[in-house]
1. Starting from 0.36 nm per residue, how many nanometres of slack lie between Leu57 and Phe32 once their C-alpha separation is accounted for?
2. What are the ³J(HN,Hα) couplings of segment 69-80, residue after residue, when phi is run through the Karplus curve with 6.51, -1.76, 1.60 and θ = phi - 60°? Round to Hz, x for glycine and proline.
3. I'd like the Kirkwood hydrodynamic radius of segment 34-100, using the inverse of the mean 1/r over distinct C-alpha pairs, in Å.
4. With a Förster radius of 22 Å, plug the Cβ-Cβ distance of Asp9 and Ser98 into 1/(1 + (r/R0)^6) and report the FRET value to the nearest 0.05.
5. Evaluate the distance, in nm, between pseudo-label points positioned 7 Å from the Cα of His24 and of Met41 along their respective Cα→Cβ axes.
6. Taking the beta-carbon count within 10 Å as an exposure proxy, list Thr101, Thr107 from fewest neighbours to most.
7. Per residue of segment 107-112, what does 6.51 cos²θ - 1.76 cosθ + 1.60 with θ = phi - 60° give for ³J(HN,Hα)? Whole Hz please, x for Gly and Pro, Karplus curve as stated.
8. Just to be sure I follow: if Rg is taken over the C-alpha atoms of the chain and Rh is the Kirkwood radius over the same atoms, what is Rg/Rh?
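Nothing in this text is a laboratory measurement; each read-out follows from the coordinates by a stated rule. The model shown is predicted, which means the values in this text are computed figures rather than measured ones. Virtual Cβ from ideal backbone geometry, glycine too; neighbours counted across all protein chains shown.
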Amino acid sequence: MVQPHRLSDDTIEEAILAFDAGNHAWGRYRLFVLATTPEAMAVSTDAVRDALQEAALSVPDARSGDSGPFLAAARAAFAALLEYRRALPEGIQLSELSQATFALEETVAVLEVRPPEA
C-alpha cells in the first residue's frame with residue numbers, strides 16, 4: 001500500500017496560519033457586519049460555524065502528521081462560505097467575508113500541494 005505523502009511542518013503551519021486568518025476574518029464579519037445588518041441575519045450561519053469548528057478541531061491532528069481531516073474540514077468550510085455568500089441579499093458589505101473566503105481557499109491550496117513525482 002502506498003503511504004500518503006506527509007506534508008512538512010512548515011506547510012502545515014502555513015495552512016494553519018491561513019485558516020486562522022480566515023477564521024478571524026469570519027469573526028470580524030460576524031461582529032461588525034452581521035450583528036449590524038438585519039437583512040444578513042436572516043441567512044443562517046450554522047453551516048459555516050460548524051465547518052470552521054470542525055476545521056479548528058482537526059488542527060492538532062494536522063500538526064501530528066495527519067492533515068487529511070484538516071484538508072477535508074477546510075474544503076467544507078470554504079464550500080460553506082461560498083454557499084453562505086450566494087445566499088446573502090444584495091448590498092451586504094463583504095470585505096471581511098471576502099478575506100475569510102480567500103484565506104480558506106489558500107488553506108485548501110496549501111494542503112493540496114502534491115509531492116514532486118520521482
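1. Once the chain is fully extended between Leu57 and Phe32, it gains 6.5 nm.
2. With coefficients 6.51, -1.76 and 1.60, one gets x, 5, 4, 4, 5, 5, 4, 5, 5, 4, 5, 5 Hz.
3. For segment 34-100, the Kirkwood estimate is 12.9 Å.
4. With R0 = 22 Å, the Cβ-Cβ based efficiency is 0.15.
5. 2.7
6. Least to most surrounded, the residues fall as Thr101, Thr107.
7. Ordered by residue, 3J(HN,Hα) equals 4, 4, 4, 5, 6, 8 Hz.
8. 1.05
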